[in-house]
Amino acid sequence: MTAAAVSATRQASAFRPVVVLFLVLAGVFSFSAYFVLSAYAPDLKGGDDGGAHALSRSAVGFAGMVRLLQAETIPVLINRDGSTKRDPNWGLLVLTPEEATKPSDLFDFTTASGPTLVVLPKWETEPDPLNSGWVRKAGLISPEVLKTLLAGRVATTISQRSGVAPVQLTMAGDPSHPTAPTGPIDRLQTLSAEGMTTVAADQTGAAILVRTGDSRLYILSDPDLLNTQGLKDLSTARAGEGLLLAIRKGDGPVVFDVSLDGLKHAPSLLKIAFEPPFLGATLCLVGAAFLMALHAASRFGAPERTMRALALGKSALADNSAGLIRVAKREPHMAGGYLELNRNAVAKALGATRLSGAERDAYMDRLGERTGAGRLSTLAEQVSAVRDRDGLTRFAQRLYQWRLEMTRERR
């Protein structure tokens with residue numbers, strides 16, 4: 001087999017129907033997957049960005065506490081909806097605002113019924129260039145900033161100690177567990193305010209966990225009791241878990257909200273198309289597209305012959321001339337010329353070409369009356385009455401009929 005034959009065989013096999021069908025299906029699947037993933041891309045973000053929220057595994061994140069509660073068979077949920085309408089079955093809603101969180105956004109959640117815990121931020125951080133998702137301490141958040149964050153609901157005084165030291169938590173109103181030791185806490189953050197009930201305090205009596213009035217809103221002053229930095233010590237992990245369980249209602253799940261941290265589900269028109277009730281319409285469109293593809297894949301009837309872009313011959317010339325006359329709307333003006341053409345043809349057939357114009361017309365009128373074909377002068381008067389293409393067609397038919405009768409071409 002020659003090289004040319006081998007090359008032709010390879011080219012033919014590359015475009016077999018099965019290969020083409022596979023390529024088309026792969027393209028359709030890839031195109032559909034791209035649109036679906038584009039619609040849900042914001043919801044698929046892992047959230048491991050080093051922030052102080054429940055999806056972050058950094059030192060200031062709370063993903064470790066989520067895993068600890070799950071390991072203890074305590075149900076845990078991550079709320080990304082940002083809706084202030086609280087599920088009554090939730091046991092505890094944990095809010096982890098950041099330094100830039102607006103007080104109005106924070107306290108929209110606290111109006112819901114059921115226990116709500118606000119964990120105050122503490123550390124200013126910067127990304128770790130050597131580890132993705134990790135952060136480094138850049139200092140403490142100013143107490144004035146934290147007071148501003150809580151100013152929409154309570155007026156507090158924030159205190160931050162110096163040094164690193166263990167803390168002995170005292171649980172107020174819980175005689176069975178009066179104390180809970182923790183590991184070393186770096187610059188413990190406490191708070192105090194009038195009208196708040198202390199739930200947990202350190203060995204000096206400074207409040208760490210408080211409840212505002214008679215509401216179910218709790219405020220935890222130091223996040224190191226719950227974040228990854230604190231959970232590295234077993235005592236701190238037990239103390240932090242104990243604080244959550246102490247204020248949890250019943251057996252409901254502990255819900256960590258991350259919408260305040262910029263991880264809220266973003267609504268989009270594309271995502272709505274893949275969710276009820278519009279999912280049905282989307283599936284109908286997909287089905288219609290599939291049926292259209294099947295229809296296009298099957299040929300009905302013989303294939304149309306390929307014609308020249310510029311046709312040749314007298315027929316093409318006549319068609320093009322007729323097209324130009326039609327575009328210029330000159331059809332009615334052709335009635336006079338067609339009358340003259342038939343007059344000359346009849347005169348030639350009758351041998352009356354030597355007669356003058358008037359004598360020839362009079363001769364054909366007399367002959368037309370005797371034969372029953374009609375008078376030529378009557379047809380000539382109808383030329384001015386032609387106004388459109390339909391009128392020209394009727395006139396041409398009558399003139400052609402007269403010609404056939406005069407020349408006896410119909411015999």
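A few remarks follow.
- Within segment 263-284, considering residues that are closer than 24 Å to ASP105 by Cβ, out of contact with any Lys or Arg (no Cβ under 7 Å at 6 or more places or on another chain) and in contact (Cβ under 8 Å) with a residue 24 or more places away in the chain, the one surrounded by the fewest Cβ atoms within 10 Å (Cβ to Cβ): ALA266
- Some residue of segment 194-216 being crowded, with 21+ Cβ neighbours inside 10 Å, touching a residue at least 60 places away in the same chain (Cβ under 8 Å) and out of contact with any Asp or Glu (no Cβ under 6 Å at 6 or more places or on another chain): no
- You will find that of GLY336, GLY368, the residue that is open to solvent by less than 70 Å² (accessible area, probe 1.4 Å), in contact (Cβ under 8 Å) with a residue 24 or more places away in the chain and in contact with a Phe, Trp or Tyr (Cβ under 9 Å, 6 or more places away or on another chain) is GLY368 and no other.
- Qualifying residue in segment 308-326 (condition: open to solvent by less than 100 Å² (accessible area, probe 1.4 Å), of a type in the set (A, V, I, L, M) and touching a residue at least 60 places away in the same chain (Cβ under 8 Å)): no
- In segment 388-411, the residues that are in contact (Cβ under 8 Å) with a residue 40 or more places away in the chain reach residues that are loosely packed, with under 13 Cβ neighbours inside 10 Å and outside any helix (DSSP H, G or I) with C-beta atoms within less than 8 angstrom, at least six apart or across chains, in these pairs: ARG403/GLU409.
- Of the residues making up segment 210-223, those that are outside any helix (DSSP H, G or I), out of contact with any helix residue (DSSP H, G or I) (no Cβ under 6 Å at 6 or more places or on another chain) and not polar (S, T, N, Q) are VAL210, ARG211, GLY213, ASP214, ARG216, ILE219, LEU220, ASP222.
- Residue list for segment 59-74, restricted to those being open to solvent by 60 Å² or more (accessible area, probe 1.4 Å) and not hydrophobic (A, V, I, L, M, F, W, C): ARG67, GLN70, GLU72, THR73
- Residues located in segment 120-138, provided they are more than 28 Å from VAL199 (Cα to Cα) and either in a strand (DSSP E or B) or open to solvent by 70 Å² or more (accessible area, probe 1.4 Å) (or both): THR125, GLU126, PRO127, PRO129, LEU130, SER132, TRP134, VAL135, ARG136, LYS137, ALA138
The values are calculated or read from the model by the stated rules, or taken from the named source; none is laboratory data. Just so you know, these numbers come straight off a predicted model, no measurement behind them. As a convention, Cβ positions derive from the backbone with ideal geometry for all residues, glycine included, and neighbour counts pool all protein chains shown. With ligands, DNA and RNA removed, areas are computed over all heavy atoms of the protein, side chains included. Shrake-Rupley method; radii C 1.70, N 1.55, O 1.52, S 1.80 Å.
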